[in-house]
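Single-structure report; data block below.
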Amino acid sequence: EEKADIPLTKDAQDAFLSCVTSMLTSDSLEASVDNALRYIGKYYMANRVYILSLSDDSQKVTMLYEWTGSGKYSIRQVMSGMEIKKIPLLMRCMEEGKPLFMKSAGDGFWQKRDRNVYWRFIAYPLKQEEEVKGFLCVENAQNHYTDSSLLSMVIPYIANEYKRFHLHTEKQEN
């Protein structure tokens, strides 16, 4: 069961500090977000961590950033342009506006089912003025898979990076 508003554990504090430090020492938006996703992925021991953006009409998603664990392949091409109605968990996350946690038997949607193996997924809504504009997704977390406290702490920093690098670019152009 989910634990969204609990104090950060020592592991989560360490992951948060690593995330933010790596972001603030990055020299580009891409490097900053990639570093954050990598630390999130390591904290959760996940297969993938990615950020999806909703289209203006909230009908499709586009993958903006993706971190993949060792031996995992990118799913950017599969996910980009995907209709959100084909991803019921994201539809629900958008409607409810809160983090959702899923657990199913098997290694993933496309592999054979094994009752002793669970595939886990966390969808965390990314909001702008209370409206869901995208999602941070953690795929197949092996650790901390019912805890989104790290995500709730890191996401405002990720959102701030867009502003920081956008302002930096504007200053360079003037």
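For beta carbons closer than 9 Å, sequence separation of 6+ or different chains, a first residue in segment 111-130 that is open to solvent by less than 80 Å² (accessible area, probe 1.4 Å) and a second that is basic (Lys, Arg) and at pLDDT 85 or above, the qualifying pairs are Trp119/Lys103; Arg120/Lys103; Phe121/Lys103; Ala123/Arg92; Tyr124/Lys98; Pro125/Lys98; Pro125/Lys133; Leu126/Lys133. In this structure, is Val20 touching a helix residue (DSSP H, G or I) at 6+ places or on another chain (Cβ under 8 Å), over 19 Å from Pro156 (Cβ atoms) and surrounded by 13 or more Cβ atoms within 10 Å (Cβ to Cβ)? When the stated conditions are applied, Val20 does not pass them. Candidates Tyr162, Tyr118: the one that is under 21 Å from Val20 (Cα atoms) and at pLDDT below 90 is Tyr162.
In segment 136-145, the condition of being under 19 Å from Val49 (Cβ atoms), assigned to a helix (DSSP H, G or I) and modelled with pLDDT of 90 or more is met by no residue. Does Ser28 qualify as being open to solvent by less than 90 Å² (accessible area, probe 1.4 Å), more than 19 Å from Ile122 (Cα to Cα) and touching a residue at least 40 places away in the same chain (Cβ under 8 Å)? The answer is yes for Ser28.
The values are calculated or read from the model by the stated rules, or taken from the named source; none is laboratory data. The shown structure was predicted, so the numbers you read here are calculated from the model rather than taken from an experiment. Reconstructed Cβ throughout: ideal geometry from the backbone, glycine too, with neighbour counts over all protein chains shown. Just so you know, the surface numbers come from the protein's heavy atoms only, side chains and all, with ligands and any DNA or RNA stripped out. Shrake-Rupley method; radii C 1.70, N 1.55, O 1.52, S 1.80 Å.
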